[in-house]
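Some notes on the structure that comes next.
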Ligand SMILES: [Zn+2]
């Protein structure tokens, strides 16, 4: 899981619009391509993002005339972005922390893709598989025995074992639930 980068999960085939595109045309593109968001791009450079929520909040609810609006009028700028080389786990944390479902992927100031929650769900089986493999490899390497202070009860033991990241004595090891 730690080795997987944004590049492995992102969507590369982007449908983008120009900042001057009319909002009705933009909404049609979203409908025709069955997508919930549209990247606004100028000369391969990311300008911002428009989501279906933006259409509701910035056009429908304020009762604006969409034929008079351009993409740039309802755009969300200053997006949180990721890069293709960022670890996927870090990008997922970014999405969670900032409460966003999509991260534009930018490389040397050029837009190269988008990472969505759907992309993550699609790659999730691979992620889980890799994680389980790594986990079982770690467990195989583990039956090392060392002596020292148990990190759970504080007693000295000459038979410390690793349990969920802690060195614990035999008694603590036996009485703890294994994750
Ligand atoms: Zn102990």
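Quick notes on this structure:
- GNM on the chain, alpha-carbon springs under 10 angstrom: the most fluctuating residue among 85, 119, 158 is 158.
- Here the spin labels are modelled as points 7 Å beyond Cα on the Cα-Cβ line, and at residue 159 and residue 43 they lie 7.2 nm apart.
- Here each label is just a point 7 Å from Cα along the line to Cβ, and for residue 171 and residue 107 those points are 5.7 nm apart.
- Rounded FRET efficiency, nearest 0.05, which uses the C-beta distance separating residue 151 from residue 13 and R0 of 35 Å: 0.10
- The stretch 1-155, relative contact order [Cα under 8 Å, separation at least 6], %: 28 percent
- GNM result for the chain, Cα springs below 10 Å: residue of 159, 33, 78 fluctuating most strongly: 159
- Contour excess over end-to-end distance, with Cα ends at residue 136 and residue 68 and 0.36 nm allotted per residue: 18.6 nm
- Averaging over all projection directions, the Cα-based convex hull of the chain occupies 14.3 nm² in the image plane.
- Förster radius 25 Å - calculated FRET efficiency between residue 124 and residue 52, Cβ distance, rounded to 0.05: 0.60
- Between residue 61 and residue 80, the distance separating the two model label sites (each 7 Å from Cα on the Cα→Cβ line) works out to 2.1 nm.
- Label-reachable residues, the stretch 32-67, where backbone N falls under 11 Å from a point 7 Å from residue 20's Cα toward its Cβ: none
A short reminder: the numbers here are calculations on the coordinates, not readings from a lab. Owing to the predicted nature of the structure, the values given are computational and were not obtained by experimental measurement. Methodologically, a virtual Cβ is constructed for each residue, glycine included, from the backbone with ideal geometry; neighbour enumeration extends over all protein chains shown.
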